[in-house]
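Student: Got a structure for you, written out below as structure tokens; questions coming shortly.
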């Protein structure tokens with residue numbers, strides 16, 4: 001059997017000596033969509049930042065496609081094919097949409113076919129291609145952040161709360177686009193507070209509470225779990 | 001009047017390149033290079049020494065530019081490492097102090113070893129009339145070289161992959177890492193580039209008047225003023241600011257007096273900070 005695309009084991013990390021996430025282990029297989037659900041401050045961003053080496057983990061290791069990426073420089077991890085879309089997006093505000101996209105492919109030459117695909121999935125970006133990224137609306141910026149990540153032809157796309165700051169309709173639209181990407185075979189890990197959308201996209205999920213993984217299961221199991229329903233789905 | 005403005009443009013193009021060199025390093029590394037003038041003169045002195053040994057001008061100039069560039073590369077790869085580990089105010093302050101140290105060291109070496117070395121590249125031939133004003137060939141060649149260097153920079157930043165990567169680091173270093181850009185490599189490159197630009201300014205200025213150890217501080221101050229008026233993070237802004245300040249410089253020398261010119265330029269910088277903190281071209285950075 002083949003090894004998982006991403007393998008995280010015993011990962012702990014945090015700020016100024018205090019661990020925000022503790023002993024996190026999980027695996028993601030090729031072609032899967034997995035969600036990590038948790039409320040504000042549960043440690044979702046910290047987990048991603050530790051995987052991508054923006055934060056230095058205190059314990060544990062991460063393996064991507066058989067390569068040990070623990071403490072590997074962020075830009076090198078990106079070049080291996082692990083693309084990360086942070087909640088803060090980190091776009092280049094005074095570069096045009098098209099320049100932002102082309103940088104996504106760095107250090108390779110942008111692939112016209114991928115570019116065409118991005119403009120097909122996010123039609124609104126095509127209309128704005130010569131505008132500065134800083135002038136886009138929140139929804140368009142989110143599209144651009146995902147589009148920029150796709151330009152590197154990633155094998156794994158990690159998204160941190162892609163619906164942050166989006167109106168409900170745009171959030172749904174955003175997840176429709178992610179669904180298309182999943183159907184085309186892209187492996188996706190998404191951290192989310194908008195649990196219904198995330199469970200619809202993913203086949204299984206982990207619940208992150210207070211820096212640790214609690215419940216885990218298929219999306220249907222999680223959606224049917226009374227605790228999840230009470231805490232995240234607003235079912236009384 | 002027209003003569004003063006044309007002179008101002010010649011001078012201003014060089015000011016622009018001076019400001020661009022400072023702006024690049026500040027925008028990218030958050031380090032205010034207080035040794036920019038020293039780095040520039042260092043290159044000019046190397047050219048002068050080589051030519052004194054009988055070398056032809058062009059290879060001597062290339063070696064001089066390489067010397068300026070190498071000096072900043074060494075700074076980036078050694079003492080700046082300590083600066084890059086810091087953030088916020090500590091980083092700015094430490095960078096400032098270390099660059100001031102570099103300035104003192106270069107000044108010391110120049111005054112000690114080459115106190116009377118002056119680079120004066122005399123460009124022969126009769127003046128050429130432009131808009132009825134006779135311009136020396138030295139001024140025209142200096143401007144031609146500076147404009148060519150500016151165009152090369154525009155092409156590099158607008159149309160090359162690596163140029164785009166440099167701009168991405170200036171705008172969002174974290175974002176740059178996420179797309180696979182190595183900020184450390186970009187920084188090293190830009191220090192080297194800034195050194196070449198500084199050397200080029202000293203070499204072109206020497207086509208209109210001699211450059212030596214006593215020009216270091218005034219060049220650093222000019223670079224600082226131009227970069228501030230340009231907005232400190234805007235490369236095109238620095239270039240435009242340089243040209244405008246060159247014209248202000250010449251007009252004020254012509255109508256008021258040379259002694260007060262630097263003060264007027266400083267006032268321009270102070271007014272920019274108060275009225276337009278993002279610089280002359282507004283918020284356009286990178």
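The values are calculated or read from the model by the stated rules, or taken from the named source; none is laboratory data. Keep in mind that this is a model prediction, so the values were computed, not measured. Every residue, glycine among them, receives a Cβ derived from its backbone with ideal geometry; neighbour counts consider all protein chains shown.
Student: Test each condition in (1) surrounded by fewer than 19 Cβ atoms within 10 Å (Cβ to Cβ); (2) not assigned by TED's automatic domain parsing to the domain that holds residue A:38 for residue A:165 and report the one that comes out false.
Tutor: Looking at each condition in turn, residue A:165 falls short on (2).
Student: Further question: Can you go through A:130, A:163, A:187, A:172 and tell me which one is touching a strand residue (DSSP E or B) at 6+ places or on another chain (Cβ under 6 Å) and away from chain B (no Cβ under 14 Å)?
Tutor: Checking each option against the conditions leaves just A:187.
Student: Please go through the range B:170-181 and pick out each residue that is more than 7 Å from every other protein chain (Cβ to nearest Cβ) and surrounded by fewer than 20 Cβ atoms within 10 Å (Cβ to Cβ).
Tutor: Correct list: B:173 only.
Student: Continuing with the same structure: Going through the range A:187-210 one residue at a time, which ones are farther than 13 Å from residue A:36 by Cβ and surrounded by fewer than 19 Cβ atoms within 10 Å (Cβ to Cβ)?
Tutor: Matches in the range A:187-210: A:196, A:200, A:203, A:210.
Student: Any idea how many residues of the range B:206-244 are buried (at least 24 other Cβ atoms within 10 Å of the Cβ) and in contact with a strand residue (DSSP E or B) (Cβ under 7 Å, 6 or more places away or on another chain)?
Tutor: Adding up the residues that qualify gives 2.
Student: For the range B:148-159, check the following and say yes or no: at least one residue is part of a helix (DSSP H, G or I), within 14 Å of chain A (Cβ to nearest Cβ) and farther than 30 Å from residue B:6 by Cβ.
Tutor: yes
Student: Quick one: which strands (runs of 3 or more DSSP E) sit completely within the range A:1-116 and have at least 2 residues that are within 28 Å of residue A:183 (Cα to Cα) and within 14 Å of chain B (Cβ to nearest Cβ)?
Tutor: By residue number, A:82-85.
Student: While we're on this one: Any chance you could count how many residues in the range A:187-229 are touching a residue at least 60 places away in the same chain (Cβ under 8 Å) and not in a strand (DSSP E or B)?
Tutor: Matching residues across the range A:187-229 total 12.
Student: Now, a different point. Tell me, which residue of the range B:101-126 that is surrounded by 15 or more Cβ atoms within 10 Å (Cβ to Cβ) and in a helix (DSSP H, G or I) is nearest to the chain's Cα centre (by Cα)?
Tutor: B:103
Student: For the range A:167-182, check the following and say yes or no: at least one residue is in contact with a helix residue (DSSP H, G or I) (Cβ under 9 Å, 6 or more places away or on another chain), closer than 28 Å to residue A:79 by Cβ and part of a loop (DSSP other than H, G, I, E, B).
Tutor: Checking the range A:167-182: not a single residue is in contact with a helix residue (DSSP H, G or I) (Cβ under 9 Å, 6 or more places away or on another chain), closer than 28 Å to residue A:79 by Cβ and part of a loop (DSSP other than H, G, I, E, B).
Student: From the list B:129, B:149, which one is over 14 Å from residue B:9 (Cα atoms) and surrounded by fewer than 12 Cβ atoms within 10 Å (Cβ to Cβ)?
Tutor: B:129
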